[in-house]
1. Taking a 21 Å limit on the Cα-Cα distance, which of the listed pairs Lys12/Lys445; Lys46/Lys386; Lys151/Lys394; Lys127/Lys455; Lys269/Lys418; Lys127/Lys151 fall beyond it?
2. Once you list every other residue whose beta carbon is under 13 Å from the beta carbon of Gln416, what net charge do they have if Lys and Arg are +1 and Asp and Glu are -1?
3. On the accessible surface of segment 8-128, probed at 1.4 Å, how many percent belong to carbon and sulfur atoms?
4. May I ask you to list the GluC sites (Glu not before Pro) in segment 151-198 that are in a DSSP loop and have at most 15 other Cβ atoms within 10 Å of their Cβ?
5. Can you give me the orientation-averaged projected area of the convex hull built on the Cα atoms of segment 289-330, in nm²?
6. Return the FRET efficiency for the residue pair Glu6, His432: r is the Cβ-Cβ distance, R0 is 30 Å, and the value is rounded to the nearest 0.05.
7. Run through the DSSP bridge list for the chain and note the antiparallel percent, rounded to the nearest 5.
8. Percentage of Cα-Cα pair distances in the chain greater than 39 Å, rounded to whole percent?
Amino acid sequence: MNSLKEYIAQHKERFLNELIELLKIPSVSADPAFMQDVLNTAEAIKVALLEGGCDTVEIHETDGYPIVYGEKIIDSNLPTVLVYGHYDVQPSDPIELWDSPPYEPVIKKTALHPEGAIFARGACDDKGQLYMHVKALEYMVQTNQLPCNVKFMIEGEEEIGSNNLAIYVANNKEKLANDIILISDTGMIANDVPSITTGLRGLSYVEVEVTGPNRDLHSGLYGGAVANPINVLTKMIASLHDENNHITILGFYDKVENLSQEERAELAKAPFSLENYKDALKIGAVYGESGYTTNERNSIRPTLDVNGIWGGYIGEGAKTVIASQAFAKISMRLVPNQDWQEITTLFKTHFESIAPKGVTVKVTPHHGGQGYVTPIDTIGYQAASKAYETTFGKKPIPQRSGGSIPIVALFEKELQSKTILMGFGLDSDAIHSPNEHFGIWNYLKGIETIPYFYKYFTEMSS
Ligand code: BES
Ligand code: MN
Ligand code: MN
């Protein structure tokens, strides 16, 4: 593409500074305390899309946070790319584990990012990655090289389940009509091992509550004679996996897609070092379901994990008490064909059935979504592959990810379009964790690669 590298080199500082400004706004969708900041971020996205070259940008109100929609339609006979991203971020706590404040972005070098990385909440997930698309559009528009139509749909509730986006999509099929959906909200294997995400896991997220006696009790006077909700809850949770780390919920695996030996061998070709993996996490050994490799355990296999657990006394010193209640938040990552609502029901039935006498159990479903796999023999995948080949100098590896973007399956159902997941983050970028960061090299590489996707996709479509 004409002068792409020069354009990026020339505008690099501004590209970085604009992203840094966006990262200063704490758009935490989960916490109502940040409501005004989330709304301000939607406004900032609107401005960015207009400056990036969209002809019209609208802010659509929902029952939750607004959806920013922008478009540049150059010719209705040309293909249309729909870009999706999210401007909301995860909460930043535990704040004390950050080396620098989460909303005061700083650039620091790391072993994997020798050219520097921006440290801030949302740097990689997803403000940095969505902003690559805004800057790629700017380049194409400024240099008169936009080859097709483009629509942007940027939401503010991805991290809390995208419920309002689902309604918006169902009600705006015409407006959102497209030939391909393009998302940068995933990762790649390494900077010298480009990969394209071809699968996402589904999700079922539930909260459980175990109630015993009607009040907290003296653990000497009552201990041993009544069910302790915390003892019971931890025992129930422990029983959800057997000695092979298989999940024990009846029917849980019924619909799990079993990959053939050939397919597994194909996936195993992706470079992976168990030693590096363990070293990066400072763990002596990996852990998981028998019969599967680490890469399989975190992509093609379903899981059940406690995300949080609380109850009883956790203050200073010791308090001898049996709590009345105990709680946990549990996520199940699902694979294609497992229906998240069905799994939620299976969990609820199972969890209630294993409760001993003397306690009551309540299961409250939170949110969830379907998994997704995309075929690679499509124009969309081929165009993306060729784009990476052009800018990375090697063919990207198709890779199934363990993360979830539930709206992707819904896009396919409602809009009948495939999604291409061009993620430029690394697993080590600490998304959702303290010290989230995004490599400057990755940011600029994304801006460089995206225009080629537009070019090849348009060429291959005609
Ligand atoms: N961008 C992530 C998902 C992701 C990250 C997929 C890396 C693949 C690789 C997204 O913002 C996210 O965090 N999704 C949530 C699910 C959502 C319903 C809260 C997740 O995966 O936990
Ligand atoms: Mn994300
Ligand atoms: Mn996320």
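The values are calculated or read from the model by the stated rules, or taken from the named source; none is laboratory data. Note that the structure is a prediction, hence the values are computed from the model and not measured. Heads up, the Cβs are rebuilt from the backbone with ideal geometry, glycines too, and the neighbour counts pull from every protein chain shown. We work out accessible area using only protein heavy atoms, side chains counted, and drop any ligands, DNA or RNA first. Shrake-Rupley method; radii C 1.70, N 1.55, O 1.52, S 1.80 Å.
1. Lys46/Lys386; Lys151/Lys394; Lys127/Lys455; Lys269/Lys418
2. Values: positive: Lys173, Lys413, Lys418; negative: Glu174, Asp179, Glu412, Glu414.
Around Gln416, the charge tally is -1.
3. Ligands and nucleic acids excluded, carbon and sulfur give 53 percent.
4. Counting only loop positions with at most 15 other Cβ atoms within 10 Å, the GluC sites (Glu not before Pro) in segment 151-198 are Glu174.
5. With the hull built on Cα positions only, its mean projection is 4.9 nm².
6. Computed FRET efficiency for Glu6 and His432: 0.25.
7. Values: 49 of 69 bridges.
Approximately 70 percent, going by the DSSP bridge assignments.
8. Numbers: 26078 of 106491 pairs.
When all Cα pairs of the chain are counted, 24 percent exceed 39 Å.
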